[in-house]
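For reference, the structure discussed in these notes is given below.
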């Protein structure tokens with residue numbers, strides 16, 4: 001009887017864990033060469049901050065293109081701090097390009 005109850009409880013925990021994971025999806029950030037710059041599991045959408053490695057005299061814009069074809073292209077201006085912030089990026093694969101070909105890093109928040 002105890003084995004049955006223990007098996008039942010473990011089974012229920014497994015069902016809830018699988019259900020929780022199925023509601024989440026990945027946000028993947030890649031650069032122009034297709035190299036992965038960041039991946040994070042999110043429930044719905046995310047906030048992605050692109051930081052320029054050398055922010056001296058930063059200007060221009062960052063462009064986020066959804067490679068899955070589900071969402072439209074997004075553009076954000078480079079701030080004086082050398083950052084572009086994309087709020088509400090949907091789950092999927094996003095290619096980020098920065099004008100001027102400067103090096104950058106990406107940080108993904110849910």
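The values are calculated or read from the model by the stated rules, or taken from the named source; none is laboratory data. Quick caveat, the model's predicted, so the values are computed rather than measured. Note that each Cβ is placed from the backbone with ideal geometry, even for glycine, and that neighbours are counted across all protein chains shown.
Just to be sure I understand, how many residues within segment 63-103 are part of a strand (DSSP E or B), under 17 Å from residue 46 (Cβ atoms) and in contact (Cβ under 8 Å) with a residue 40 or more places away in the chain?
9
Considering only residues of segment 44-62 that are on the phi < 0 side of the Ramachandran plot and part of a loop (DSSP other than H, G, I, E, B), which is surrounded by the most Cβ atoms within 10 Å (Cβ to Cβ)?
58
When you scan segment 21-31, do you find a residue that is in a strand (DSSP E or B), modelled with pLDDT of 90 or more, in contact with a strand residue (DSSP E or B) (Cβ under 9 Å, 6 or more places away or on another chain) and closer than 20 Å to residue 99 by Cβ, even just one?
yes
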